[in-house]
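Everything below concerns the one structure shown next.
The values are calculated or read from the model by the stated rules, or taken from the named source; none is laboratory data. Quick caveat: nothing in here was measured; it's all calculated off a predicted structure. Cβ placement follows ideal geometry from the backbone for every residue including glycine, while neighbour counts extend to all protein chains displayed. When the accessible area is computed, the model is the full protein with side chains, heavy atoms only, and any ligands, DNA or RNA have been set aside. Shrake-Rupley method; radii C 1.70, N 1.55, O 1.52, S 1.80 Å.
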Amino acid sequence: MKRAHLSFDLFERYWPWWLAATLAAALALRLWGIDFGLPYLYHPDEPGYVAIAQRIFTTGDLNPHFFNYPSLFFYLNALAYAPYYLLGRLTGRFDSVADIAGPTMLIGGSGVTTQPGTFLLGRGLSVLFAVASVCLVFVIGRRLTGRALPGLLAALLLALSATHVANSRYIAPDVFLVFFLLLAFWGALQVYDHGRLRDYALAGAAVGLVAATKYNGAIMLVVVVIAHTLRTGWRGFFDRRLFTAIGVSALAFLAGTPFALFDAESFLAGVRIEAQHYSTGHVGSEGNALAWYASFLWTSEGVTVVLALLALAYAVVTRDRRLLLLAAFPVIYFGFISTFVVRNDRTAMPLLPFLYLLAVLLLARLRWSADTPAARRTLGVAGSVVLLVAMLAWPAVRTVAETQRLTTVNSLETARVWLDQNLAPGTRVAVESYAPYVDPQRFVVQGFYKLIDNSPEWYIDHGYSTLVFSQRMFRRFYDEPDKYAAEIALYEALFQRCQPLRVFTDGGYEVRVCQLRSP
């Protein structure tokens, strides 16, 4: 056992080096494939977010005129254009802010940019916040246990997480949300441990920034209240420090989304639209959210989820307040998102760092006294090592496999090249969402959300001879035939009226190019 203790001591003594290695791994995994697709744009949301940030920077109008999400994410991305533009001026690429080119879109999930650097800029900012989140997980884990090793292990789990790595490459608010949630939890932990007025102000400010990134993250305010209650009991409910935290959170939210006040009508309309979206559904990502999230977590995290649940049970039985505080957010948040109709991996992503911390802290609670038989101690250490290997290996394998798939040429590219080389110039082409980019300079192109929005006769009457179908759109209906029988029937009617020109399946992504036949 002296050898084992010596090994652990190496982690404690040299933790800055281990942390640096973990952060380097997190950075490398997220930079790998960060240029996916470029200059073509096949992410459905990135171009819209880039356009908003560019408009804020180039016009100086701080009103994003979009409130489905709060504004902090757009402000941070707009701010990143300052050094980008300055470098462009110094190198002679830009004469004015008007030279920053926006994306060109055919339809959602199918576009192009003449300045790929603008997308690398936004994706790089996401990567920085993602790596900072890995560092925060270490800080929290070390604070909760008083040791570096648990923090390092939890940080490594987030560094390797396939879900977090994938979303770190997107220009989207989700990894920013995870960062501010962790910062807010750190503030809540400060409230529980010290209870100083500045701790409440820090926690409140962080919660406000969370809410200014994505509205659903405001649930973290409940965790701050729980931290306060665990420290003071119910008698502290009217403590001015708690009201300070709440007040500061409101001010921080308004600092990040000021037009919630200055353009309240648009703000409330945007919030209603987003709430309606999540409560009514999104084709291909809807229904039975509780079972879907449970399945997603088990599939993506495996034994880590089991250990996190055991940690929750342990916290309840032993009344371990620090573990209970750590478990508060994932329990409340999981219950909240399970009430939605729409479900997806990015909505579940805020759960992950808390599950990693819970799982690792459970292992850190294991103790073997000097009276424990040597064989049992050896078995316990060996079991812990096996669990850690299982916890780390599964996300690492998935991350590498998914990144390789992301960076492998698929049908979006091979079909784009084929269309460019084989269609006659001036051909009228109809494409649906997530289809290959078809050059509007060579062809007459029109994008449709889904091609079944119109009948075969409509396309013929309007002169469209070529239709381009995309797996990410039409397969979502075929994957749930009982629910979408009507949509499948419409697709079948279109397919029957089409003569297949090419069917591409490169990289596991299907694109169908068809020529309409007259009746």
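Miscellaneous remarks
- Matching entry among Val503, Val511 (being hydrophobic (A, V, I, L, M, F, W, C), without any contact (Cβ under 8 Å) to a residue 12 or more places away in the chain, surrounded by 13 or more Cβ atoms within 10 Å (Cβ to Cβ) and closer than 30 Å to Thr403 by Cα): Val503
- Single condition Asp479 does not satisfy, out of (1) open to solvent by less than 50 Å² (accessible area, probe 1.4 Å); (2) in contact (Cβ under 8 Å) with a residue 24 or more places away in the chain: (1)
- Qualifying residue in segment 403-416 (condition: in a helix (DSSP H, G or I), in contact with a helix residue (DSSP H, G or I) (Cβ under 8 Å, 6 or more places away or on another chain), within 30 Å of Leu307 (Cα to Cα) and among the β-branched types (Val, Ile, Thr)): yes
- Residue satisfying condition, being of a type outside the set (Ser, Thr, Tyr) and out of contact with any Leu (no Cβ under 7 Å at 6 or more places or on another chain), within set Val438, Val444: Val444
- The C-beta contact set for segment 391-407 (first residue at positive phi, second residue outside any helix (DSSP H, G or I) and open to solvent by 50 Å² or more (accessible area, probe 1.4 Å), distance under 8 angstrom, 6+ apart or interchain) is empty.
- Pairs where the first residue, in segment 86-101, is within 21 Å of Pro47 (Cα to Cα) and the second is modelled with pLDDT under 90, C-beta under 8 Å, 6+ apart: none
- Count of residues meeting criterion [under 14 Å from Tyr40 (Cβ atoms) and touching a Phe, Trp or Tyr at 6+ places or on another chain (Cβ under 7 Å)] in segment 109-122: 5
- Any hit, segment 417-425, residues being in contact (Cβ under 8 Å) with a residue 40 or more places away in the chain, within 17 Å of Glu510 (Cβ to Cβ) and part of a loop (DSSP other than H, G, I, E, B): no
Residue by residue, here is whether (1) of a type outside the set (Ser, Thr, Tyr); (2) over 27 Å from Met391 (Cα atoms) holds:
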residue: Ala80; (1), (2): yes, yes
residue: Gly92; (1), (2): yes, yes
residue: Thr118; (1), (2): no, yes
residue: Leu121; (1), (2): yes, yes
residue: Val131; (1), (2): yes, no
residue: Val134; (1), (2): yes, no
residue: Thr145; (1), (2): no, no
residue: Leu149; (1), (2): yes, no
residue: Ala159; (1), (2): yes, no
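- Selected residue [open to solvent by 60 Å² or more (accessible area, probe 1.4 Å), over 30 Å from Tyr356 (Cβ atoms), of a type outside the set (D, E, K, R) and over 22 Å from the mean Cα position of the chain (by Cα)] from Phe237, Phe259: Phe237
- Test set (1) aromatic (Phe, Trp, Tyr); (2) open to solvent by 40 Å² or more (accessible area, probe 1.4 Å); (3) assigned to a loop (DSSP other than H, G, I, E, B) - Tyr464 fails condition number: (2)
- Residue match in segment 219-226 (condition: within 19 Å of the chain's Cα centre (by Cα) and of a type outside the set (Asp, Glu)): yes
- Index of the failed condition, Thr414 passing every other in (1) among the β-branched types (Val, Ile, Thr); (2) farther than 23 Å from Arg517 by Cβ; (3) open to solvent by less than 40 Å² (accessible area, probe 1.4 Å): (3)
- Scanning segment 165-198 for residues that are among the charged types (D, E, K, R) and farther than 22 Å from Glu301 by Cβ, we see that the one that is surrounded by the most Cβ atoms within 10 Å (Cβ to Cβ) is Asp193.
- Residue pairs meeting the criteria (Cβ under 8 Å; at least 6 apart or on separate chains; first among the small types (Gly, Ala, Ser), in segment 223-240; second open to solvent by 10 Å² or more (accessible area, probe 1.4 Å) and in a helix (DSSP H, G or I)): Ala227/Tyr192; Gly236/Thr229
- Tally of residues being open to solvent by 30 Å² or more (accessible area, probe 1.4 Å) and in a helix (DSSP H, G or I) across segment 482-492: 6
- Residues being in a helix (DSSP H, G or I) and open to solvent by 10 Å² or more (accessible area, probe 1.4 Å) - total across segment 98-122: 6
- Complete set of residues in segment 493-519 that are part of a helix (DSSP H, G or I) and either basic (Lys, Arg) or within 25 Å of Tyr42 (Cα to Cα) (or both): Leu494, Phe495, Asp506, Gly507, Gly508
- Qualifying residue in segment 313-328 (condition: surrounded by 14 or more Cβ atoms within 10 Å (Cβ to Cβ), in a helix (DSSP H, G or I) and charged (D, E, K, R)): yes
- From the options Ala211, Ala155, Ala201, Ala159, residue that is surrounded by fewer than 22 Cβ atoms within 10 Å (Cβ to Cβ), at pLDDT 95 or above and among the small types (Gly, Ala, Ser): Ala201
- Leu125 open to solvent by 10 Å² or more (accessible area, probe 1.4 Å) and not charged (D, E, K, R): yes
- Remark: pairs (first residue in segment 164-185, at pLDDT 95 or above; second residue among the hydroxyl-bearing types (Ser, Thr, Tyr) and open to solvent by 10 Å² or more (accessible area, probe 1.4 Å); Cβ separation under 6 Å; 6+ apart in sequence or on different chains) = Ile171/Tyr49; Pro173/Tyr69.
- In segment 21-71, the residues that are more than 19 Å from Ser161 (Cβ to Cβ) and without any contact (Cβ under 8 Å) to a residue 60 or more places away in the chain: Gly48, Ala51, Ile52, Arg55, Ile56, Phe57, Thr58, Thr59, Gly60, Asp61
Conditions (1) among the β-branched types (Val, Ile, Thr); (2) open to solvent by less than 40 Å² (accessible area, probe 1.4 Å), marked per residue:
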| site | (1), (2) |
| --- | --- |
| Arg272 | no, no |
| Glu286 | no, yes |
| Thr347 | yes, yes |
| Ala364 | no, yes |
